[in-house]
Amino acid sequence: MTQLEPLRIGMTCHPTYGGSGAVAVELAQALVARGHEVHVISYAPPFRLEAGGGVQLHEVAVPTYPLFKFPPYDMALASKLAEVAADFRLQILHAHYAIPHSMAAYLAREILGDDTLGVVTTLHGTDITLVGADPSYRPATTFALRKSDAVTAVSRFLSLETQRKICGACRIEVIHNFVDTTRYEPAPRSPVRLRFAKPDEWLLVHTSNFRPVKRIGDVVQIFAEVSRALPAKLLMIGDGPDRPLAERMAKELGLQKRIVFTGALPDAAELTAQADAFLLPSDGESFGLAALEALACGVPVVGSRAGGLPEVFEDGVEGILEEVGQTRAMGQRLVALLGDPKRLEATKLAARARATQLFRTESVVPQYEQVYRDVIARRQHRPESKYLEAP
Ligand code: GMT
């Protein structure tokens, strides 16, 4: 096979609002733009999938039956993956988020009995740090990773956590999240900003799926600290289980007129670029795609010194990192930064530079292509995988 031969890839992901689905879809679309054939297989169209982007979507039907308390999605997915792999002569099945996709991809290969089909698993975060480490899922997750031809993780942190908690013998390649720096880019203040903030108000933004790991309460606390010192508004983009908590806190702190909840938006690029700072004080982000997208817009990030976030940006250079839960320090340091125009400008420039230098789509996507090509080459010569055991 030459370096330039287009590949046929199947990808499966959770279609719901979240970073793993975003990465899968952005990767699928970037691969199509680079000439590959890509099929996305899931139970619904993933939230960032663009119509006309060239990615082929295959929806998984999950029939129910009165006997089932839980419809067996994994089996329906495995069957669909096998069908699409056979119909389109796929060379790779790429599972995003281990549970249940990695096992379903492995089963699809077993169903087909096709030793040339490569299985690649990308670990995104809670598939290891929370869900995968749970004793109910751990043995199956470890098994599926060991059966993958290649396992990638979105940060060094996640790679080490996986080896510590799930699969000490797995060889894991780190491929960071990436960003389209032509879509996420600095923008002058636009009329859209005036819908949320007056000209003399600072605009802070948080985007997530409002799960407990995001520490939504801390987002509100940081904002409370800032708005005690400066006129400011907070835009909460997204939705999820902890939204009522944040709404209640906003009321209790008398901030309900200063915090706007937009709900989940399919594309937050324009609003992110209008922010003066982005807040991500999570318990632990394996990477923090939303933070990277903010940096690409030249927006400083305030986050926790935990998980993979310190791999994304450096404290005091492109943003602010404090220990988890230190909302006072986060807020006070942000007030100081916003009040220092020279340092603020330098931080914005550094944020954009870091995103473009380290995490551009064009430099990260070829790393996935290389993984695919290595797996295909190995599968054609030898069904066993070098990824099974660490050297
Ligand atoms: O929460 C998750 O682990 C699922 C995943 C998602 O779908 O939201 O998010 C993770 O994957 C992103 C893309 O690789 C990372 O940028 C996020 O940091 C990561 N979230 C966490 O680790 C909490």
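The values are calculated or read from the model by the stated rules, or taken from the named source; none is laboratory data. Predicted, not measured: the structure shown is a model, and the values here were computed from it. Positions of Cβ are backbone-derived with ideal geometry, glycine not excepted, and every protein chain shown enters the neighbour counts. What goes into the accessible areas is simple: the full protein's heavy atoms, side chains included, and nothing from ligands, DNA or RNA. Shrake-Rupley method; radii C 1.70, N 1.55, O 1.52, S 1.80 Å.
For the range 337-382, which residues satisfy the criterion of being farther than 23 Å from V317 by Cβ, crowded, with 16+ Cβ neighbours inside 10 Å and touching a Ser or Thr at 6+ places or on another chain (Cβ under 7 Å)?
Within the range 337-382, V371, R378, R379 meet the criteria.
For E37, which of the numbered conditions (1) buried (at least 20 other Cβ atoms within 10 Å of the Cβ); (2) away from the ligand (no atom under 16 Å from the Cβ) fails to hold?
Answer for E37: the failing condition is (1).
Considering each of E59, E5, E26, E83 in turn, give the residue that is of a type in the set (D, E, K, R) and closer than 30 Å to S282 by Cβ.
Going through E59, E5, E26, E83 in turn, just one is of a type in the set (D, E, K, R) and closer than 30 Å to S282 by Cβ: E26.
Listed residues D374, D276, D315; which is away from the ligand (no atom under 16 Å from the Cβ) and in the same structural domain as I172 (by TED's automatic domain parsing)?
Result: D374 is the single residue among D374, D276, D315 that is away from the ligand (no atom under 16 Å from the Cβ) and in the same structural domain as I172 (by TED's automatic domain parsing).
Output the residue which, of all residues in the range 3-17 that are crowded, with 24+ Cβ neighbours inside 10 Å and under 16 Å from L123 (Cα atoms), is nearest to the ligand (Cβ to nearest atom).
Here the residue is C13.
What number of residues in the range 152-209 are of a type outside the set (D, E, K, R), under 17 Å from V365 (Cα atoms) and open to solvent by 60 Å² or more (accessible area, probe 1.4 Å)?
Residues meeting the conditions: 1.
Within the group L358, L271, L338, which residue is at negative phi and within 16 Å of the ligand (Cβ to nearest atom)? Spell out the reasoning first.
On the way: L271 fails: within 16 Å of the ligand (Cβ to nearest atom); L338 fails: within 16 Å of the ligand (Cβ to nearest atom).
Going through L358, L271, L338 in turn, the sole match is L358.
Being buried (at least 22 other Cβ atoms within 10 Å of the Cβ) and of a type in the set (G, A, S) is true for just one of A329, A273. Which residue is that?
Exactly one of A329, A273 is buried (at least 22 other Cβ atoms within 10 Å of the Cβ) and of a type in the set (G, A, S), namely A273.
Report yes if some residue within the range 276-296 is over 20 Å from the mean Cα position of the chain (by Cα), in contact (Cβ under 8 Å) with a residue 40 or more places away in the chain and more than 27 Å from T129 (Cα to Cα); otherwise report no.
Yes, there is a match, as at least one residue in the range 276-296 is over 20 Å from the mean Cα position of the chain (by Cα), in contact (Cβ under 8 Å) with a residue 40 or more places away in the chain and more than 27 Å from T129 (Cα to Cα).
A28 - would you say it is modelled with pLDDT of 95 or more, buried (at least 24 other Cβ atoms within 10 Å of the Cβ), touching a strand residue (DSSP E or B) at 6+ places or on another chain (Cβ under 6 Å) and under 24 Å from L145 (Cβ atoms)?
yes
Among the residues of the range 294-341, how many are over 19 Å from A273 (Cα atoms) and in a helix (DSSP H, G or I)?
Count: 12.
What's the total number of residues in the range 308-326 that are surrounded by 15 or more Cβ atoms within 10 Å (Cβ to Cβ), touching a strand residue (DSSP E or B) at 6+ places or on another chain (Cβ under 6 Å) and farther than 12 Å from A291 by Cβ?
1
For the range 244-260, indicate whether the set of residues that are over 25 Å from R189 (Cβ atoms), within 12 Å of the ligand (Cβ to nearest atom), outside any loop (DSSP other than H, G, I, E, B) and open to solvent by 10 Å² or more (accessible area, probe 1.4 Å) is non-empty.
Within the range 244-260, not a single residue is over 25 Å from R189 (Cβ atoms), within 12 Å of the ligand (Cβ to nearest atom), outside any loop (DSSP other than H, G, I, E, B) and open to solvent by 10 Å² or more (accessible area, probe 1.4 Å).
Answer yes or no as to whether T207 is closer than 21 Å to H14 by Cβ, touching a strand residue (DSSP E or B) at 6+ places or on another chain (Cβ under 8 Å) and either in contact (Cβ under 8 Å) with a residue 40 or more places away in the chain or not basic (K, R) (or both). Even if it seems obvious, please write down each step before you answer.
Numbers: closer than 21 Å to H14 by Cβ: yes; touching a strand residue (DSSP E or B) at 6+ places or on another chain (Cβ under 8 Å): yes; either in contact (Cβ under 8 Å) with a residue 40 or more places away in the chain or not basic (K, R) (or both): yes.
Taking the combined requirement at face value, the residue satisfies it.
Please indicate, with yes or no, whether at least one residue in the range 380-387 is in contact with a Leu (Cβ under 8 Å, 6 or more places away or on another chain), at pLDDT below 95 and closer than 30 Å to G10 by Cβ. Even if it seems obvious, please write down each step before you answer.
Just the residues of the range 380-387 that are in contact with a Leu (Cβ under 8 Å, 6 or more places away or on another chain), to begin with: none.
No - not one qualifying residue is present in the range 380-387.
So which of I166, I216 ends up being more than 12 Å from the ligand (Cβ to nearest atom), in the same structural domain as D242 (by TED's automatic domain parsing) and more than 28 Å from Q357 (Cβ to Cβ)?
On the way: I166 fails: in the same structural domain as D242 (by TED's automatic domain parsing).
Within the list I166, I216, the selection yields I216.
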